[in-house]
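The values are calculated or read from the model by the stated rules, or taken from the named source; none is laboratory data. In this text the structure is predicted, and so the values were computed from the model without any measurement. Cβ placement follows ideal geometry from the backbone for every residue including glycine, while neighbour counts extend to all protein chains displayed.
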Amino acid sequence: MESERQPAAARRAVVLLSGGMDSCVCAALACRDYAEAAFLHVDYGQRTEARERRAFEEMARHFGVRRALVLPCPGLARIGGSALTDPAIAVPEAPPAAPVAAAGEIPVTYVPFRNAHFLALAVSWAEVIGAGDIVIGAVEPDSSGYPDCRPRYYEVFNELLRVGTREPGLRVVTPLIRRSKAEIVRLGLELGAPFHLSWSCYQASERACGRCDSCRLRRRAFAEAGHPDPIPYAAG
């Protein structure tokens, strides 16, 4: 995580923290590497909104951050079109060992252009508090195939920041984007990331379902990393 202006250790970063496994590791990285990490969470009307916000709040307390902000983005739920925001669209389930998504297939859990909304809010806050980087836990390998998790997406977004922001050098960084999920788990364990506080399930808030895409990716990652997943599951 280096910048065009000054070393990360002298800069402030905004961390987009959903409360999931990947953003948990990003939070640990940012708290290690930056002078200050400011945590940002977005409520967008998702099925597990309250549970994800709880994970965010518990992580903010765990890391002792000075700035922790929750912002609403209700338009995504009103637009709908995703199983995460529209209760009429079922969240797909499958046995834990089943493939997550066919190559090139975008699942119904994709929230159209969601990360652009999140990044826009993060950029606005970064300009106000003087942050140089925005850290997001986007991952391309071992993912559900969402188009807003591809490296090229962030290359283009950073070009927009170069011409459309007040502060020079403000950029989005994606430290996990080329890592497998198992590699992310191993990195998080090295960093002491609080995985027990994180939440990944798309549809349950007490015991993770174990059968949605997000649960299956997470369970497989911990199994491949050779470490037990510390959150409770309803499915065996």
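May I ask you to say which residue of Arg171, Arg166, Arg178 is over 24 Å from Arg219 (Cα atoms), basic (Lys, Arg) and at pLDDT 95 or above? Sole residue among the options that is over 24 Å from Arg219 (Cα atoms), basic (Lys, Arg) and at pLDDT 95 or above: Arg171.
Screening Cys149 on (1) at pLDDT 95 or above; (2) surrounded by 14 or more Cβ atoms within 10 Å (Cβ to Cβ); (3) within 14 Å of the chain's Cα centre (by Cα); (4) not acidic (Asp, Glu) shows it passes everything except condition (1). Checked against (1) among the basic types (Lys, Arg); (2) more than 15 Å from Glu140 (Cβ to Cβ); (3) part of a loop (DSSP other than H, G, I, E, B), Arg218 passes all but condition (3).
Looking only at segment 19-38, residues that are among the acidic types (Asp, Glu), surrounded by fewer than 24 Cβ atoms within 10 Å (Cβ to Cβ) and part of a helix (DSSP H, G or I) come to 1 in all. Within segment 107-137, the residues that satisfy the criterion of being under 19 Å from Arg216 (Cβ atoms) and under 14 Å from the mean Cα position of the chain (by Cα) are Tyr110, Val111, Gly137. When His117, His41, His62 are checked against the criterion of being buried (at least 16 other Cβ atoms within 10 Å of the Cβ), within 29 Å of Leu191 (Cβ to Cβ) and in contact with a Cys (Cβ under 8 Å, 6 or more places away or on another chain), His117 stands alone in meeting it. Annotation: of all residues in segment 44-59 being in a helix (DSSP H, G or I) and of a type in the set (Gly, Ala, Ser), the one that is surrounded by the most Cβ atoms within 10 Å (Cβ to Cβ) is Ala55. The set of residues from segment 75-86 being over 18 Å from Ser200 (Cα atoms) and not charged (D, E, K, R) comprises Gly75, Leu76, Ala77, Ile79, Gly80, Gly81. Figure legend. Inter-residue proximity from segment 27-52: first residues farther than 19 Å from Leu121 by Cβ and at pLDDT 95 or above, second residues buried (at least 23 other Cβ atoms within 10 Å of the Cβ) and not aliphatic (A, V, I, L, M), beta-carbon distance below 6 Å, spacing 6+ or different chains. Indicated pairs: Arg51/Trp199. For the subset of segment 66-82 comprising residues that are surrounded by fewer than 19 Cβ atoms within 10 Å (Cβ to Cβ) and part of a loop (DSSP other than H, G, I, E, B), which member is nearest to the chain's Cα centre (by Cα)? Ranking the candidates gives Cys73 first. Residues of segment 199-223 that are surrounded by fewer than 22 Cβ atoms within 10 Å (Cβ to Cβ), out of contact with any Ser or Thr (no Cβ under 8 Å at 6 or more places or on another chain) and not hydrophobic (A, V, I, L, M, F, W, C): Glu206, Arg207, Gly210, Arg219, Arg220. The residue that is surrounded by the most Cβ atoms within 10 Å (Cβ to Cβ), counting only those in segment 175-198 that are assigned to a helix (DSSP H, G or I) and of a type outside the set (A, V, I, L, M, F, W, C), is Gly188.
Condition check ((1) in contact with a helix residue (DSSP H, G or I) (Cβ under 7 Å, 6 or more places away or on another chain); (2) of a type in the set (A, V, I, L, M)) across all residues:
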site	(1), (2)
Phe39	yes, no
Tyr44	yes, no
Arg54	no, no
Leu69	yes, yes
Val91	no, yes
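The residue of segment 83-114 that is nearest to Asp33 (Cα to Cα), among those that are surrounded by 14 or more Cβ atoms within 10 Å (Cβ to Cβ) and hydrophobic (A, V, I, L, M, F, W, C), is Val111. Look at Phe157 and say whether it is under 28 Å from Pro72 (Cβ atoms), within 14 Å of the chain's Cα centre (by Cα) and either part of a loop (DSSP other than H, G, I, E, B) or touching a residue at least 24 places away in the same chain (Cβ under 8 Å) (or both). No; evaluated as a whole, the condition is false for this residue.
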